[in-house]
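**Student:** The structure is given below, and queries will be raised subsequently.
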Amino acid sequence: MKMGSLRVVIADDEPLARERLRGLLADQSGIEVVAEASDGHQALHACAEHQPDLILLDIAMPGLDGLEAAHHLAAFEPRPAVVFCTAYDAHALSAFEAEAIDYLVKPVRAERLAAALERVRTFAAGRQHGVARLDGKRRTHLCARLRGSLRLIPIEDVHYLQAEEKYVVVHHVHGEDLIEESLKSLEEEFDERFVRIHRNCLVARYEIVELRRSPDGHVQAILRHGDHPLEVSRRCVAGVREMLKHL
């Protein structure tokens, strides 16, 4: 990024709203709009491809909404600044808890946009890293980075999650992917969907068909869609058995 210049992605499901933002940005110096998106999925792909300094992000969009998209963007490297542009002020607290740089209410005024851009320039000059947590809201997808692109994996498609060094392997309907998140944080966020069977493994509750003891005395979980059983640690056996009683 050149000093003072900003590469920008505009994400809004309303074409007129995107057009208005383009017009306002055209009046600002040092701004390059590198892509537009009409929903959260497109926004994430645009950021993965173009690595912008800033995304102007609507909140109420079909599919993946702006707050969840911001959660995923917080893990991007480099991490783009997020400025929400929305017709409602009710989301302001959630927006700032998602570490947004600013929050603009539509119709966006030129002077407010200019002030937000200055805040973004300060952020871009000293960009920091971190993963934002939505305000009590669980994500509907996990985000895997793939050679400069990304894949969004619906939580409902995940069979189990297995820690492997600094990554977590997501075993899902269409195969396997790596994500850079901790198993502990995933367990906390999705505790109603997954159960811990081992210090390095979380399994979707509906995936466990039964527990069996192997010839060597270890307890194993038989999965509905798994190719092989997974070991259940001694400390987790009682909890998993109790969970199965209530399925």
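The values are calculated or read from the model by the stated rules, or taken from the named source; none is laboratory data. These numbers come from a predicted model, not from an experiment. Counting neighbours? That spans all protein chains shown, and the Cβs are built from the backbone with ideal geometry, glycine included. Protein only, heavy atoms only, side chains kept; ligands, DNA and RNA dropped before computing areas. Shrake-Rupley method; radii C 1.70, N 1.55, O 1.52, S 1.80 Å.
**Student:** For region 106-162, how many residues are at pLDDT 90 or above and in a loop (DSSP other than H, G, I, E, B)?
**Tutor:** So the answer is 4.
**Student:** Exactly one of (1) modelled with pLDDT under 95; (2) open to solvent by 60 Å² or more (accessible area, probe 1.4 Å) is unmet by Glu36. Its number?
**Tutor:** (1)
**Student:** Let me ask you something else. I'm told Leu186 meets every condition in (1) buried (at least 19 other Cβ atoms within 10 Å of the Cβ); (2) closer than 19 Å to Glu68 by Cβ; (3) at pLDDT below 90 except one. Can you identify the failing condition by its number?
**Tutor:** (3)
**Student:** Could I ask something else about it? Can we say Glu192 is open to solvent by 70 Å² or more (accessible area, probe 1.4 Å) and not polar (S, T, N, Q)? It would help to see each step written out before you state the result.
**Tutor:** On the way: open to solvent by 70 Å² or more (accessible area, probe 1.4 Å): yes; not polar (S, T, N, Q): yes.
Considered against the rule, which asks whether it is open to solvent by 70 Å² or more (accessible area, probe 1.4 Å) and not polar (S, T, N, Q), Glu192 comes out as yes.
**Student:** Condition check: over 23 Å from Leu142 (Cα atoms) and touching a Pro at 6+ places or on another chain (Cβ under 8 Å). Does Val34 satisfy that?
**Tutor:** Numbers: over 23 Å from Leu142 (Cα atoms): yes; touching a Pro at 6+ places or on another chain (Cβ under 8 Å): yes.
Yes, satisfied.
**Student:** For region 211-243, name all the residues that are out of contact with any helix residue (DSSP H, G or I) (no Cβ under 6 Å at 6 or more places or on another chain) and in contact (Cβ under 8 Å) with a residue 60 or more places away in the chain.
**Tutor:** Across region 211-243, the qualifying residues are His225, Gly226, Leu230.
**Student:** Moving on. If you take just the strands (runs of 3 or more DSSP E) that sit entirely in region 173-247, which of them hold at least 2 residues that are of a type in the set (Val, Ile, Thr)? Quick ask: steps written out before the conclusion?
**Tutor:** Values: elements: 175-179, 194-198, 201-204, 208-213, 219-223, 230-232.
Per the criteria, 194-198, 208-213, 219-223.
**Student:** Just a yes or no: is a residue in region 144-161 more than 22 Å from Ala69 (Cα to Cα) and in contact (Cβ under 8 Å) with a residue 40 or more places away in the chain? Break it down stepwise before answering.
**Tutor:** Taking region 144-161 as the starting set, the residues that turn out to be more than 22 Å from Ala69 (Cα to Cα) are 159-160.
Remaining after also requiring in contact (Cβ under 8 Å) with a residue 40 or more places away in the chain: 159-160.
There is at least one residue in region 144-161 that is more than 22 Å from Ala69 (Cα to Cα) and in contact (Cβ under 8 Å) with a residue 40 or more places away in the chain.
**Student:** Can you tell me which residue in region 232-247 is modelled with the lowest pLDDT, limited to those that are open to solvent by 50 Å² or more (accessible area, probe 1.4 Å) and either within 16 Å of Glu207 (Cα to Cα) or not charged (D, E, K, R) (or both)?
**Tutor:** Pass one, region 232-247, residues open to solvent by 50 Å² or more (accessible area, probe 1.4 Å): 234-235, 238, 241-242, 245-247.
Restricting the remaining residues to those that are either within 16 Å of Glu207 (Cα to Cα) or not charged (D, E, K, R) (or both) gives 238, 241-242, 245-247.
On the way: Ala238: 95, Arg241: 93, Glu242: 92, Lys245: 85, His246: 79, Leu247: 72.
Only one residue fits best here, namely Leu247.
**Student:** So, of the residues in region 7-32 that are over 15 Å from Gly66 (Cβ atoms) and crowded, with 17+ Cβ neighbours inside 10 Å, which turns out to be nearest to the chain's Cα centre (by Cα)? Before you say what the answer is, go through the steps one by one.
**Tutor:** Applying the first criterion (over 15 Å from Gly66 (Cβ atoms)) to region 7-32 yields 7-8, 15-16, 19-20, 22-32.
With crowded, with 17+ Cβ neighbours inside 10 Å added as a condition, the list becomes 7-8, 20, 24-25, 31.
On the way: Arg7: 21, Val8: 20, Arg20: 27, Leu24: 29, Leu25: 27, Ile31: 26 Å.
Checked region 7-32; the qualifying residue nearest to the chain's Cα centre (by Cα) is Val8.
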